[in-house]
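Notes to accompany the following structure.
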Amino acid sequence: MIKARNLSYDYIRQDEEGNTESVYRAVNDVSLDVETGDFVAILGHNGSGKSTFAKQINALLLPTEGTLFIDGKNTKDVEKLWEIRQSAGMVFQNPDNQIIGTVVDEDVAFGPENMGVPREEILRRVEKSLKSVGMWEYRSHSPNRLSGGQKQRVAIAGVVAMQPKCIILDEPTAMLDPNGRREVIEAVLELNASKHVTIILITHYMEEVIRADKVFVMDQGKIAMQGTPREIFTQVEKLRELRLDVPQVTLLAHELKEAGIPLPNGILTVEELRWHLNRLRKRRMFQARGEVE
Amino acid sequence: MSLKLEKVNYVYSTGTAYERQALKDIDLEIADGEFVALIGHTGCGKSTLVQHLNGLLKATSGAIYENGKNIYEDGYDLRSLRSRVGLVFQYPEYQLFEETVIKDVMFGPKNRGLNEEQAREKALLALKQVGVDEKYFEQAPFELSGGQKRRVAIAGILAMEPECLVLDEPTAGLDPRGRDEILSLVSRLHKERGISIVLVSHSMEDVANYASRIVVMDHGKIMYDDTPAAVFEHWEELEKVGLSAPQVTYVMQLLKKDGWDTDTGATTIREALKSILAEYERAGKP
């Protein structure tokens, strides 16, 4: 779905005469592949290049060096621009900046309308996409009366209605309360699981990453780490060096292990920690009584 | 300083079709030097409430007392209250507007009538407190990183030397290290300078780690007002109103169900670690 080869991006600052004042390389020699249907998370501190990379995926920014193929199309190919934007939709951080309609279903219809989709088909798409994020019953509501999580799900539905193969979400939960965060992540997981939409999730919340197929960690414009969530979150110290963190339960498991409880590395969920602790405690009780498990 | 709210009600757009009561009979006291966290889902009234603390919004009914003085009484100096209760809004970096970092931080003190030199002195001190390096002082605020900008914005409030600092989601959008840095800064200001803190946050983990008291709001009312341990005991009720508890609280609750004698009031890693290790040790004794 996404194929990046030696991708770089420079922000260039010019003075009034058009002379280059400074060059800042935000993305530096990134090569990576994302398969269709993958759920990929990108982590990285503020300024690590995540958002710049994301904006290249739907050709909002074009590579300074290297090439980027989206669904087999080179983003530098001007004639394919609209096709690329249709196959890769974006959702941003602030829900209030993305909603334009005065009624929820109108807002969702905006994308397909713009693409020249026939009316009957638009109605079908609006219904399907609002249902897929659990917002169908709000179709006649005014967006400004919705909660942050609901608005963000409407924004996602608006992208889904354009039937992209890939959705890029750039910190979609940063402004939401715990419930809103849960709603958005559930909606995204559902799209990935049932409609096989490729998901690129950029986030600062480590708990949201644990169900990803693959995690990329960016630092200074480069890919600093990559692997499954378990492989990544096992490296607590390295993540801290990169200004990141691990989910609280992973950290608790890590500290328990350091204190001598023989837990495995990279525990990701509360249930997992519960299961291992119960198993180890039982074993210890058996041993103390001189019995074999 | 102490702040006391008595039966505070606030109604938006009174007399129109959009009339909505955002605060209902709020009774709340924030003692001098306290660190209080305020949590609740989006739209529960948190931000409306904090704007009452420095008189930005005026209660529709009820009273607010600052050190025993009613702030709505004739002759009360609201202007002075606004500089003594510093309010850091969400995404405060969007409010930076001056040409240089130092000028931006000097704006508040100058507005209070200090001369250039005095204002600079206050600004330098505030910037030092938030840990912004000297090399940035003459730069334009927009050239800084997100975390740095936010520090500058907080410095702008600190330069007014508030006795109480109210922060509305100060860590939204920051990376984990940036979050820790801002929160330890707030915690340091609280400990070293005795500033009272009101922290509005959506991160249950952060709230449990830093505050000694948590106020939970729902539909314009105060639902709980207690220690973190006591508040997060109600994790099921909190989930019903769009909140949650720190992950460690869930671990402790589940282990308890499985027959562990763990401390279900543990809300931080340190507390959970101690309790689990003790129970694991006990299991090793015949």
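The values are calculated or read from the model by the stated rules, or taken from the named source; none is laboratory data. On a predicted model such as this, the values are computed, not experimentally measured, just so you know. Here the Cβ is made from the backbone with ideal geometry for all residues, glycine too, and neighbour counts use every protein chain on show.
Going by the structure shown, is A:R283 more than 31 Å from the chain's Cα centre (by Cα), at the interface with chain B (Cβ under 7 Å from one of its Cβ atoms) and not acidic (D, E)? So A:R283 fails the test. Every test in (1) over 14 Å from A:L43 (Cα atoms); (2) more than 9 Å from every other protein chain (Cβ to nearest Cβ) is passed by A:T228 save one, and that test is (1). With respect to B:G113, determine if the residue is closer than 28 Å to B:V130 by Cα and either charged (D, E, K, R) or within 14 Å of another protein chain (Cβ to nearest Cβ) (or both). Here the answer is no, as B:G113 does not meet what is asked. In region A:236-243, the condition of being outside any strand (DSSP E or B), touching a residue at least 24 places away in the same chain (Cβ under 8 Å) and surrounded by fewer than 19 Cβ atoms within 10 Å (Cβ to Cβ) is met by no residue. Listed residues B:L28, B:L38; which is touching a Lys or Arg at 6+ places or on another chain (Cβ under 6 Å), aliphatic (A, V, I, L, M) and under 24 Å from B:H234 (Cβ atoms)? On inspection, the qualifying residue turns out to be B:L38. Considered as a group, the residues in region B:237-261 that are at the interface with chain A (Cβ under 10 Å from one of its Cβ atoms) and over 27 Å from the mean Cα position of the chain (by Cα) include one that is surrounded by the most Cβ atoms within 10 Å (Cβ to Cβ), and that residue is B:L255. Exactly one condition in (1) more than 10 Å from every other protein chain (Cβ to nearest Cβ); (2) touching a helix residue (DSSP H, G or I) at 6+ places or on another chain (Cβ under 6 Å) is not met by B:E205; state its number. Here B:E205 meets the rest and fails (1). Taken together, the residues in region B:151-178 that are of a type in the set (K, R) and crowded, with 22+ Cβ neighbours inside 10 Å amount to 1.
Every residue, every condition in (1) polar (S, T, N, Q); (2) within 24 Å of B:D175 (Cα to Cα); (3) over 15 Å from the mean Cα position of the chain (by Cα), yes or no:
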residue	(1), (2), (3)
A:D29	no, yes, yes
A:I42	no, yes, no
A:G47	no, yes, yes
A:S51	yes, yes, no
A:T67	yes, no, yes
A:N74	yes, no, yes
A:K80	no, no, yes
A:I84	no, no, yes
A:S87	yes, no, yes
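Conditions (1) free of Cβ contacts under 8 Å to residues at least 24 places away in the same chain; (2) closer than 19 Å to B:Q90 by Cα, marked per residue:
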position: B:G194; (1), (2): no, no
position: B:H202; (1), (2): no, yes
position: B:D225; (1), (2): no, no
position: B:G242; (1), (2): no, no
position: B:A245; (1), (2): no, no
position: B:E281; (1), (2): yes, no
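Against the numbered list (1) under 23 Å from A:D245 (Cβ atoms); (2) surrounded by fewer than 18 Cβ atoms within 10 Å (Cβ to Cβ), B:L183 comes up short only at (2).
Limited to region B:127-155, what total is found for residues that are part of a helix (DSSP H, G or I) and farther than 19 Å from B:R179 by Cα?
Step one: of region B:127-155, the residues part of a helix (DSSP H, G or I) are B:127-130, B:134-136, B:141-143, B:146-155.
Those still in the list that are farther than 19 Å from B:R179 by Cα too: B:134-136, B:141-143.
Qualifying residue count for the region: 6.
For every residue, the table says whether it meets (1) within 25 Å of A:L169 (Cα to Cα); (2) at pLDDT 95 or above; (3) within 13 Å of chain B (Cβ to nearest Cβ).
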residue: A:F216; (1), (2), (3): yes, yes, no
residue: A:L263; (1), (2), (3): no, yes, yes
residue: A:G266; (1), (2), (3): no, no, no
residue: A:E272; (1), (2), (3): no, yes, yes
residue: A:L277; (1), (2), (3): no, yes, yes
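Of the strands (runs of 3 or more DSSP E) lying entirely inside region A:125-234, those containing at least 1 residues that are free of Cβ contacts under 8 Å to residues at least 24 places away in the same chain span A:222-227. Of the set (1) closer than 30 Å to A:S31 by Cβ; (2) buried (at least 21 other Cβ atoms within 10 Å of the Cβ), all apply to A:Q220 but (2).
Please verify whether region B:106-115 includes one or more residues that are surrounded by 14 or more Cβ atoms within 10 Å (Cβ to Cβ), charged (D, E, K, R) and over 23 Å from B:S187 (Cβ atoms).
Taking region B:106-115 first, the residues surrounded by 14 or more Cβ atoms within 10 Å (Cβ to Cβ) are B:106-110, B:112, B:114.
Pick out the ones that are also charged (D, E, K, R) and you get B:110, B:112.
If we keep only those that are over 23 Å from B:S187 (Cβ atoms) too, we end up with B:110, B:112.
Yes, region B:106-115 contains at least one residue that is surrounded by 14 or more Cβ atoms within 10 Å (Cβ to Cβ), charged (D, E, K, R) and over 23 Å from B:S187 (Cβ atoms).
Pairing residues of region B:172-183 that are more than 8 Å from chain A (Cβ to nearest Cβ) with residues that are aromatic (F, W, Y), at Cβ distances under 7 Å and at least 6 apart in sequence or on separate chains, gives B:L183/B:Y210. Among the criteria (1) in a helix (DSSP H, G or I); (2) more than 9 Å from chain B (Cβ to nearest Cβ), the one A:L256 does not fulfil is (2). Of the residues A:A187, A:A157, A:A193, A:A212, the single one that is farther than 23 Å from A:D245 by Cβ and buried (at least 22 other Cβ atoms within 10 Å of the Cβ) is A:A157. Looking at region A:1-117, the strands (runs of 3 or more DSSP E) lying wholly inside it that each contain 2 or more residues that are in contact (Cβ under 8 Å) with a residue 60 or more places away in the chain and within 14 Å of chain B (Cβ to nearest Cβ) sit at A:39-44.
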